[in-house]
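Starting off with a structure, shown below.
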Amino acid sequence: IVGSAVKAYDLTSGSQLSSIAISGAGFLNGMASDGVNRVWVTDFGTNKIIEIDYADLQSPSYSTVVTNTAVTPNGICYDADNNRLVFVAWSGNTSDITAVSLTDYALTTLVANASLNSIDGIDNDSYGNYFLASWSPQRITKYNSDFTVSEVITVVGGLNNAADIAYAEEIDTLIIPNAGNNTVR
């Protein structure tokens, strides 16, 4: 994401493959992919979710699939098992965790007021667990697959505004960028 554009790059050569400008974008932020040809981007500035179709990599298209998230959307992840997206709210009076059905783009609150503030990132692992990075408190919180049980991950120290986390299934590792000091844990 660069400003209001989403750019695609070849990971081997580093060359840019495409760039698509999102008209009316406020602040594009979180990003998720289905691993095939769809990418979703949260718009932190306009409370929207954009879907980009890369079926034609040279000429991608996009549409706004959620026009009002009701909260400031930040991190987002794709949940193939449940055919949905799950996104977290940044801040305000609510720190909700919300699902978006990929069938009809309906929103469902999974956790209302998660007792976290400034939730920056979310990702899921190959076991159905979800990991959230929050700035207040500074921590990683793990939820089970149906969001009925949460636990604080205490083995992760050195967090400084943990941002858009990623779970690497191939190596069973959670990668945590720290926006506060430009480090990665």
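The values are calculated or read from the model by the stated rules, or taken from the named source; none is laboratory data. Note that the coordinates shown come from a computational prediction; the quantities given were computed from them, not determined experimentally. Note: ideal-geometry Cβ built from the backbone for every residue, glycine included; neighbour counts use all protein chains shown. Heads up: the accessible areas ignore ligands, DNA and RNA and are worked out on the full protein's heavy atoms, side chains in. Shrake-Rupley method; radii C 1.70, N 1.55, O 1.52, S 1.80 Å.
Would you pick out the residues in segment 67-107 that are among the aliphatic types (A, V, I, L, M) and either in a strand (DSSP E or B) or in contact with a Leu (Cβ under 8 Å, 6 or more places away or on another chain) (or both)?
Residues of segment 67-107 that are among the aliphatic types (A, V, I, L, M), as a first pass: 70-71, 76, 80, 85-86, 88-89, 97, 99-100, 102, 106-107.
Answer for segment 67-107, where residues must be among the aliphatic types (A, V, I, L, M) and either in a strand (DSSP E or B) or in contact with a Leu (Cβ under 8 Å, 6 or more places away or on another chain) (or both): Ala70, Ile76, Leu85, Val86, Val88, Ala89, Ile97, Ala99, Val100, Leu102, Leu107.
While we're on this one: Scan (1) open to solvent by 10 Å² or more (accessible area, probe 1.4 Å); (2) more than 13 Å from the chain's Cα centre (by Cα) for the single condition Ile52 breaks and write down its number.
Ile52 satisfies every listed condition except (1).
Just name the residue that is farthest from the chain's Cα centre (by Cα) out of those in segment 30-49 that are in a strand (DSSP E or B) and more than 16 Å from Ser18 (Cβ to Cβ).
Filtering first and then ranking leaves Lys48.
This table checks each residue for (1) without any contact (Cβ under 8 Å) to a residue 12 or more places away in the chain; (2) among the hydrophobic types (A, V, I, L, M, F, W, C); (3) under 17 Å from Asn47 (Cα atoms).
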{"site": "Ile97", "(1), (2), (3)": "no, yes, yes"}
{"site": "Thr109", "(1), (2), (3)": "no, no, yes"}
{"site": "Asn113", "(1), (2), (3)": "no, no, no"}
{"site": "Ser118", "(1), (2), (3)": "no, no, yes"}
{"site": "Ala133", "(1), (2), (3)": "no, yes, no"}
{"site": "Lys142", "(1), (2), (3)": "no, no, no"}
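Just need a number here: residues in segment 128-175 that are touching a Leu at 6+ places or on another chain (Cβ under 7 Å) and over 18 Å from Asn113 (Cα atoms).
Qualifying residue count, segment 128-175: 2.
Moving on. Show me the strands (runs of 3 or more DSSP E) entirely contained within segment 108-185 in which 3 or more residues are surrounded by 13 or more Cβ atoms within 10 Å (Cβ to Cβ) and of a type in the set (Phe, Trp, Tyr). Full working, then the answer.
Values: elements: 117-124, 130-136, 138-143, 150-152, 166-168, 173-175.
Fully inside segment 108-185 and qualifying: 130-136.
May I pose another question? Which residue out of Gly3, Gly45 is in contact with a Gly (Cβ under 9 Å, 6 or more places away or on another chain) and of a type outside the set (Val, Ile, Thr)? Quick ask: steps written out before the conclusion?
Working: Gly3 fails: in contact with a Gly (Cβ under 9 Å, 6 or more places away or on another chain).
Every option except Gly45 fails the conditions.
Collect the residues in segment 134-170 that are among the hydrophobic types (A, V, I, L, M, F, W, C), within 24 Å of Asn83 (Cα to Cα) and over 18 Å from the mean Cα position of the chain (by Cα), keeping them in residue-number order.
Val149
Tally up the residues in segment 58-73 that are touching a residue at least 40 places away in the same chain (Cβ under 8 Å), of a type in the set (A, V, I, L, M) and either crowded, with 18+ Cβ neighbours inside 10 Å or closer than 11 Å to Ile20 by Cβ (or both), please.
Going through segment 58-73 one residue at a time, the tally reaches 1.
Being small (Gly, Ala, Ser), more than 11 Å from Ile119 (Cβ to Cβ) and surrounded by fewer than 19 Cβ atoms within 10 Å (Cβ to Cβ) narrows it down to one of Ser33, Ser91, so name that one. Steps first, answer last, please.
On the way: Ser91 fails: more than 11 Å from Ile119 (Cβ to Cβ).
Ser33 is the lone residue from the list that is small (Gly, Ala, Ser), more than 11 Å from Ile119 (Cβ to Cβ) and surrounded by fewer than 19 Cβ atoms within 10 Å (Cβ to Cβ).
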